[in-house]
Amino acid sequence: MDSALNDRVVLVTGGTRGIGAAVAEAFAAEGARVALTYRNDEEAAERAAAGLGSERAMAVRYALDEPDSARAALDEVRQRWGGVDVLVANAYHRTGRRPAGQSFEQVAAAEWQATITDNLIATMALTQAVLPDMRGRRWGRVVYLSSHIVGHGRRGQETYAAVKSGLHGFARSLAWEAGKEGVLVNVVAPGLTRTEGVRQQLPAALREGERARTATGRLSEPGDVAAAVLFLGSGANGNISGQVLEVSGGR
Ligand SMILES: NC(=O)c1ccc[n+]([C@@H]2O[C@H](COP(=O)([O-])OP(=O)(O)OC[C@H]3O[C@@H](n4cnc5c(N)ncnc54)[C@H](OP(=O)(O)O)[C@@H]3O)[C@@H](O)[C@H]2O)c1
């Protein structure tokens, strides 16, 4: 299968660790040039980029919750490589877990509204800034990272689910908006994935409960998710657009 990614420019938000790092690695292995973004951990980002090869990768600062940072990040990528062919919107701005026992009504409106602004609206804005590059080349791929929670629901995840559901609807319509110019837009929705963060922060019992609900008997690895993103974000994807692909072991 030809991924047709040689020298294509891929922007992976949150590409320093977890799923984003696996995605950056997968695209680089196909000969793409990868700009991976970080918010705080510049050192980790520079290390990740160096690991992919200084000719092929660059680390760029981008913060979902700092609207001006999108333009600055894109300027850097365009200066070096001319424009973006593939956007993988992977980063998620977390605002902390809701304390156990707290109801949704107890969450301050400003807090959940900021979560929507800093994730859904910021991702729409980044898409808007990147699309002209793709339209200009009459080729582009956009992949949003969502979550299988959209389909299943989970107490305490109302705002997260609202953000991710919003991306599903946005992608479905953007596929129509840009499809005739060669831009394919899709969503990958992972189930619980064994990133370092998940292994360190989620209680073993919760991970085991999720694993037990999969048809395959195992949680996804970051590489499983990256493989789906790579396919949808590559030239191997010829005509799939507006779709949601779950990578959750059949959960
Ligand atoms: N892991 C899972 O089980 C799972 C399941 C379903 C869906 N997902 C989705 O998959 C995506 C990746 O998740 P992950 O678990 O791999 O993430 P992760 O390991 O927590 O990595 C997060 C990445 O996003 C960056 N980031 C964090 N806050 C940011 C902000 N405000 N602005 C810009 N970048 C920011 C981080 O950069 P710095 O380190 O520099 O701050 C880091 O590179 C997310 O959209 C998540 O919702 C994950």
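Any chance you could run the full-extension gain for Asp68 through Gln128? It's 0.36 nm times the residue separation minus the Cα-Cα distance, nm to one decimal.
Between Asp68 and Gln128, full extension yields 20.3 nm more.
Cα centroids of the range 147-202 and the range 104-143: how far apart, whole angstrom?
Using only Cα atoms to place each centre, the spacing works out to 12 Å.
Which value at 222 nm does the chain reach when only helices count, each DSSP H run of 4 or more adding -39,500 (n - 2.57), with the total divided by all residues and rounded to the nearest 500 deg cm²/dmol?
Calculated at 222 nm, the ellipticity per residue is -13500 deg cm²/dmol.
For a quick protection proxy, order the peptides 139-145, 56-62 by their average other-Cβ count within 10 Å, most packed first.
139-145, 56-62
In whole Å, what is the distance between the alpha-carbon centres of the range 205-250 and the range 65-84?
Cα centres, the range 205-250 to the range 65-84: 29 Å.
Per residue, how much space in cubic angstrom lies within the convex hull of the C-alpha atoms of the chain?
122
Counting pairs of alpha carbon atoms under 8 Å apart in space and at least six apart in sequence, what relative contact order in percent does the chain give?
21
Order these peptides, 174-183, 120-129, by their mean beta-carbon neighbour count within 10 angstrom, highest first.
120-129, 174-183
With a point put 7 Å past each Cα toward its Cβ, work out how far Arg218 is from Ser54 in nm, to one decimal.
3.7
Each reported figure results from applying straightforward, stated rules to the coordinates on display, with no laboratory input. Small disclaimer: the values here were computed from a predicted structure and weren't measured. Every residue, glycine as well, gets a Cβ built from its backbone with ideal geometry; the counts of neighbours run over all protein chains shown.
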